[in-house]
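No value in this document is a laboratory result; all are computed from the given coordinates. The shown structure was predicted, so the numbers you read here are calculated from the model rather than taken from an experiment. Using ideal geometry, Cβ is built from the backbone for each residue, glycine included, and neighbour counts are taken over all protein chains shown.
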Amino acid sequence: MASLQDLRRRISSVRNTRKITKALELVAGARLRRAQSRIEEMRPYADRMQELMIGTARAASSVRNLALLQQRDEVRRVAFVVVTGDRGLAGPFNGQVLRRAFELERHARAEGQEVEWLAVGRKAASSL
């Protein structure tokens, strides 16, 4: 059977673990609130971007002979617009976007197409 001193040590250890756990919960809560705040700050941007995309799609369907929208028999030159983030909290997003862009580049070059890049975002600009 455990001695009284062992039991006291164990109780103290559990209390310390509880304090550490509580502190970690507070830190995680603060990070979560900060991330939610950033998401809310981006909402007007996302709404405006959606409006622009809908407007562009509507305009493209109403214009029949726009040169940029005509399908071509032979594509000699392509441009990739790569949009990445400027700040952190993106997880693997930036890496996945860049990886996919490089895959598309290899595919285009294999078909004999000339590739041009348009980088939006600090991560894309530094990688391209």
Return a whole-number percent for the relative contact order of segment 71-127, with Cα pairs under 8 Å and 6 or more residues apart as the contact set.
54
Considering the dipole of segment 1-85 built from charges on the beta carbon (Lys and Arg +1, Asp and Glu -1) around the Cα centre, which of ALA28, VAL78, ALA57 is farthest to its positive end?
ALA28
For segment 89-94, take each phi angle, set θ = phi - 60°, evaluate the Karplus expression 6.51 cos²θ - 1.76 cosθ + 1.60, and give the result in whole Hz per residue in order, putting x for glycine and proline.
6, 9, x, x, 3, 4
Once normalised by the length of the chain, the mean sequence separation of its alpha carbon contacts under 8 Å that are 6 or more apart gives a contact order in percent of 24
Residue-by-residue Karplus 3J(HN,Hα) for segment 51-60, coefficients 6.51, -1.76, 1.60, Hz, glycine and proline x
4, 5, 5, 5, x, 5, 5, 5, 5, 5
Which longest uninterrupted range of the chain lacks any trypsin sites (Lys or Arg not before Pro) assigned by DSSP to a loop state (not H, G, I, E or B) and surrounded by at most 14 other Cβ atoms within 10 Å?
1-63
Which residues make up the longest stretch of the chain clear of GluC sites (Glu not before Pro) that lie in a DSSP loop with no more than 11 other Cβ atoms within 10 Å, not counting the sites?
1-73
Using the Kirkwood formula over every pair of different C-alpha atoms, what hydrodynamic radius in Å results for the chain?
20.2
